[in-house]
1. Could you tell me which of the residues 38, 26 is in contact with a strand residue (DSSP E or B) (Cβ under 8 Å, 6 or more places away or on another chain) and farther than 19 Å from residue 163 by Cβ?
2. I'm trying to understand the selection: among the residues of the stretch 108-141, which are in contact (Cβ under 8 Å) with a residue 12 or more places away in the chain, part of a loop (DSSP other than H, G, I, E, B) and surrounded by 12 or more Cβ atoms within 10 Å (Cβ to Cβ)?
3. So how many residues does the stretch 4-15 have that are surrounded by fewer than 19 Cβ atoms within 10 Å (Cβ to Cβ) and within 11 Å of the ligand (Cβ to nearest atom)?
4. Looking at the structure I just gave you, is residue 23 among the β-branched types (Val, Ile, Thr), farther than 17 Å from residue 219 by Cβ and either modelled with pLDDT of 90 or more or more than 12 Å from the ligand (Cβ to nearest atom) (or both)?
5. Within the stretch 30-47, can one find any residue that is part of a strand (DSSP E or B) and more than 16 Å from the ligand (Cβ to nearest atom)?
6. When the stretch 48-61 is examined, which residues are found to be more than 10 Å from the ligand (Cβ to nearest atom) and of a type outside the set (Gly, Ala, Ser)?
7. Would you check which residues across the stretch 193-218 are within 22 Å of residue 181 (Cβ to Cβ), within 16 Å of the ligand (Cβ to nearest atom) and buried (at least 17 other Cβ atoms within 10 Å of the Cβ) and list them?
8. So for the stretch 63-74 (the condition being within 16 Å of the ligand (Cβ to nearest atom) and either within 15 Å of residue 194 (Cα to Cα) or surrounded by 13 or more Cβ atoms within 10 Å (Cβ to Cβ) (or both)), does at least one residue qualify?
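The values are calculated or read from the model by the stated rules, or taken from the named source; none is laboratory data. These numbers were taken from a predicted model, which means no experiment stands behind them. Cβ: placed from backbone, ideal geometry, glycine included. Neighbour counts: every protein chain shown.
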Amino acid sequence: MIEVKDLHKSFNGEEILKGIDFVFESGKTNLIIGQSGSGKSVLLKCMLGLFKPDQGVIEYNGKAYSNFTDEEQRELRKEIGMVFQGGALFDSMTVEENVMFPLRMFTKQRKKDLKNRVAEVLERVNLTGSENKFPAEISGGMQKRVSIARAIVNKPKYLFCDEPNSGLDPKTATVIDNLIQEITKENDITTVIITHDMNSVLEIGERIAFLKDGILAWKGDKSQIFKTDDKTVTDFVYSSNLFQKVRKAQQQGM
Ligand SMILES: Nc1ncnc2c1ncn2[C@@H]1O[C@H](COP(=O)(O)OP(=O)(O)OP(=O)(O)O)[C@@H](O)[C@H]1O
């Protein structure tokens, strides 16, 4: 669980986060949505420890980051898996080498054990047999699965995903969403996903934080987002045709 309390962050005198309070629960897919520039990435970077908040507290499983020793901060970094926008795979490394990278960085296991763990996660994301391929030789969806495998290879407690679906067709995007959700539940991970994709909100929006101009304008889950009359939310979600259709169908009791 990650609890964000009264989080403020400014750049050059401009307040970007204006007092965010939200609980990102473990074993759940927690989505951060909102328009461009609303502060989603800044919030994620504060949680990653890349930005220091000006005010407020971020607690990881009940302990405030500001109370972590240097050693504990290093430990926390090992406990965070990251799926970057676009995958961010190393082009010159094979699939196996990409997935092995964080294991080499954070652990001192024997080569055989490293290979076994990589084989295990590649099997989990359905990529057995692709070990020796290079990123350019596999599809966008497969690249995302490599990226997920790399993010979970160290058995993280926290998984941060920055637009994991960008650039994928809707069907493949759903496969990736479901994979992230399954892995979250199997391992009781606190998963935080930034997304613009309303299909993802529909599929895996177990907890949703909607940011507007640095404020948490609404929170709820995928069933509530259809029912709310909060204009800020409806203005945002109604820009999606799919949402209009689903809401209409719900209102008609379908
Ligand atoms: N390092 C920084 N220095 C100065 N300003 C920054 C920095 N990082 C972000 N900002 C500003 O903070 C605001 C929010 O940016 P942020 O990247 O969090 O938006 P976002 O909601 O993630 O948008 P998008 O959906 O387009 O990625 C923007 O105005 C941006 O210019």
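1. 26
2. Of everything in the stretch 108-141, those that are in contact (Cβ under 8 Å) with a residue 12 or more places away in the chain, part of a loop (DSSP other than H, G, I, E, B) and surrounded by 12 or more Cβ atoms within 10 Å (Cβ to Cβ) turn out to be 125, 126, 127, 130, 131, 133, 134, 138.
3. 6
4. Answer is no for this residue.
5. Going through the stretch 30-47, the residues part of a strand (DSSP E or B) turn out to be 30-34.
Now restrict to residues that are more than 16 Å from the ligand (Cβ to nearest atom): none.
Looking through the stretch 30-47, none of the residues is part of a strand (DSSP E or B) and more than 16 Å from the ligand (Cβ to nearest atom).
6. Once the filter is applied, which keeps residues that are more than 10 Å from the ligand (Cβ to nearest atom) and of a type outside the set (Gly, Ala, Ser), the stretch 48-61 yields 48, 52, 53, 54, 55, 57, 58, 59, 60, 61.
7. Passing the criteria: 193, 194, 195, 197, 198, 200, 201, 208, 209, 210, 211, 218.
8. Quick first cut of the stretch 63-74, residues within 16 Å of the ligand (Cβ to nearest atom) only: none.
Within the stretch 63-74, none of the residues are within 16 Å of the ligand (Cβ to nearest atom) and either within 15 Å of residue 194 (Cα to Cα) or surrounded by 13 or more Cβ atoms within 10 Å (Cβ to Cβ) (or both).
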